[in-house]
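Okay, structure first, notes after.
Each value in this text was obtained by applying a stated rule to the coordinates, not by laboratory testing. Not measured: the values here are computed from a predicted model. Positions of Cβ are backbone-derived with ideal geometry, glycine not excepted, and every protein chain shown enters the neighbour counts.
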Amino acid sequence: MQMVIDMTEGFSHGHVIWGWMIGVYLVLAGASGGALVIALVRRHYSVNKENTALLKSASLIGFTTVAFGMVFLVADLHRPLYFWKILINYNFTSVMSIGVAAISIYIPLTLVVFIMAFEEEIKSILENKIKISKLTTLVVEITKILKKARPTIEFTTIFFAIVICVYTGFLISVLVRFPLLNTAVLPILFMVSGLAAGGAATRLVSYLFFEKDHHSLDMSLLHRLEWPVMFIEILLVAMLIVSLLIGNEYQKIAMQAFDVYATGWAYLFWVGVVGIGFGIPLALNFLFGSKVAHSNWAFFISGASSIVGVLCLRLFLLYAGQTFGA
Amino acid sequence: MSVKSRRNFLKGIGIGSLALGTGGYALSEKTQTEQKLKKHFSMIYDQTKCVGCAECEDACHSVNLVPAAQNRMFIQDRTDPLNVKERRFVRVSCQQCEDAPCVNVCPTAACHRDSITDIVTMNGDDCIGCAYCLVACPYDVRFINEETNMAENCDFCLKSRLEKGGEVPGCVEACKYDALVFGDLNDKKTIISRILEIKDSVRQKPEMGTKPSLRYIPAVRQGV
């Protein structure tokens, strides 16, 4: 019930406070975690302990996306030059603070995983291009130590990769003012969509730089993994919508986020998430026959649209979520 | 041997219960006195008295030196457009929640509770401007200062007046109509406590679960 004593205006005056830079960071962190979870779990259950194309591309993505994501995260601050304050002051009731702690363990781990996956390449560059013998022997010694600890490092990396994906969900699900965000499914939705984006990015990078064969064991596994992941993603988005539909007054107001007549951000969901993210990959792979499904261009468009879909999902949640607040 | 050990056992029980009893009593005494000392500052906004002159806003600007385009508090006009004769206003400002989300989410603990007064305030030096507190606030009453790029909230003029010996916040002093009352809710002798004993008051969005401290006395149409 609206009473005359209720204040209906705030200091944000309807502006979205956390914008696209946070959205891009959420996608990059999710893709990094998702790619590494897939590749390292695959490696654990595989008899092939060589550095496969899958592992190489996933570790390349794992390190670069999260490092690039940091740039966006710091750039979004109002006092970016003071970002180091977050590293020396901790508040463990804050999801952001917990996330920073986790990420400062995770980024070095992704770098170590990257070095282990590209061990041969790094050594050959050192021997043939740089030619500083002391540096080369140092690197050889380091990789020897790393090799012994490799299973432990990989397990820790899997753990922290999951933590990174899930924390990005908790980061915005604690915002009580926004019913679209303040839901229980958000952390797991971010984990699953992270797997989708990470898997798609791994496939594309692997094809572009490491392996030209679409039908190798790893690539067909990634491809088959795509559909159950997408199914769970659709299920979670449906759960989110239903929880708002059957919710209280605040949640029903937030349901307008999906209404194209109420807000333009709804297009981001229906066109970006449903159309591009789910529709295009499904259509290309199942609707137009095997000739299209096995073509090169369908492979690229399908992978790219998965990533764009995940980006649209995060941006939609951020913008539409902050538009309809209590 | 068995008799002896039984005696020791009984002795042990006796001494133990004595120690626990007195110790527990001493501890409970201590927490009681601590609770007495702890303050819970709050403010009443009385809608029946406010005329919407907004002199509180001007006072806030001059006391807290916020940029001209920004406020730590403002008066929202809630007059029904179909019934403009009955003017209604409401104060929009930090609700000083007892379980404040802004304090919980601040990654650098820049947004914190003052150790003496328990008022939610800012240590601007540690603020990195991440705006997490802005989005976490259920009332949307926090902002990033355009000049300093630090987050700010209404802290009852803690830094600008109370710590310098002032008795009440700037807005309370400026209000000519006694629409704002400031004081300690835990002290039953203060004016604010005595008003709340006899008048009905409401809180903004209490369902958000953050225990807001501000009390609002709503104007009710005659004859209801």
Rounded to the nearest 500, what is the 222 nm mean residue ellipticity of the protein assembly as shown from helices alone, with -39500 (n - 2.57) per DSSP H run of 4+ residues and division by all residues? -17000 deg cm²/dmol
Order these peptides, A:23-32, A:230-239, A:316-325, by their mean beta-carbon neighbour count within 10 angstrom, highest first. A:23-32, A:316-325, A:230-239
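How big is the dipole moment of the protein assembly as shown about its Cα centre under a simple scheme where the beta carbon of each Lys and Arg is +1, that of each Asp and Glu is -1, and everything else is neutral? Debye, nearest 20, please.
Working: 51 positive and 46 negative charges, 357 e Å.
So the magnitude is around 1720 debye.
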For the B:N123, A:I234 Cβ pair and Förster radius 41 Å, calculated FRET efficiency rounded to 0.05 is 0.35
When chain B is treated as a Gaussian network with springs between alpha carbons less than 10 Å apart, the largest mean-square fluctuation among B:A174, B:A54, B:A19 is found at B:A19
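Peptide A:274-287: average number of partner chain Cβ atoms within 10 Å per residue? Provide the component values of the computation, followed by the final result.
Values: counts 0, 0, 0, 0, 0, 0, 0, 0, 0, 0, 0, 0, 0, 0.
Going residue by residue through A:274-287 and averaging, the value is 0.
Mind checking the full-extension length gain between A:S104 and A:A283? Use 0.36 nm per residue of separation minus the Cα-Cα distance, one decimal, nm.
On the way: separation 179, 0.36 × 179 = 64.44 nm, distance 4.02 nm.
Stretched fully, the A:S104-A:A283 segment lengthens by 60.4 nm.
Rounded if a/c is under 1.5, else prolate if a/b beats b/c, else oblate: with a ≥ b ≥ c from the C-alpha gyration tensor eigenvalues square-rooted, which is the range A:185-314? Show your work: numbers first, answer last.
On the way: a/c = 2.63, a/b = 2.11, b/c = 1.25.
Cα axes put the range A:185-314 in the prolate bin.
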Per the charge dipole of the range B:41-217 (beta-carbon charges, Lys/Arg positive, Asp/Glu negative, Cα centre), the residue among B:A68, B:H112, B:Q204 reaching farthest to the positive end is B:Q204
Calculate the spin-label point distance for A:T64 paired with A:T152, positioning each point 7 Å from the Cα along the beta-carbon direction, and give it in nanometres. 3.1
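Which shape class, rounded, prolate or oblate, goes with the range B:65-149 when its Cα gyration tensor gives a ≥ b ≥ c as root eigenvalues, a/c under 1.5 marks rounded, and past that a/b bigger than b/c marks prolate? Working shown, then result.
Details: a/c = 2.51, a/b = 1.89, b/c = 1.33.
Prolate is the answer for the range B:65-149, as a/c is 1.5 or above and a/b outweighs b/c.
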Mean shadow area of the range B:144-224 over all directions, Cα convex hull, nm²: 8.4
Separation of the B:E197 and B:T148 label points, Cα + 7 Å toward Cβ, nm: 3.8
Select from A:S193, A:T263, A:F316 the residue farthest towards the positive end of the dipole of chain A; place +1 on Cβ of Lys and Arg, -1 on Cβ of Asp and Glu, and compute about the Cα centre. A:S193
Between A:M3 and B:K188, what is the spin-label point distance in nm, taking each point 7 Å from the Cα along the Cα→C-beta axis? 2.6
Quick check on my link table: of A:K56/A:K123; B:K49/B:K176; B:K189/B:K211; B:K49/B:K159, which ones sit more than 20 Å apart, alpha carbon to alpha carbon? B:K189/B:K211; B:K49/B:K159
Here the cysteines of the protein assembly as shown lacking a cysteine partner under 4.7 Å (Cβ to Cβ) are A:C165, A:C312, B:C50, B:C53, B:C60, B:C97, B:C127, B:C130, B:C137, B:C157, B:C175
Within 10 Å of the Cβ of an average residue in A:225-235, the count of other chain Cβ atoms is 0
Where a ≥ b ≥ c are the square roots of the eigenvalues of the C-alpha gyration tensor, would you call the range A:20-323 rounded, which needs a/c under 1.5, or, failing that, prolate if a/b is larger than b/c, or oblate? oblate
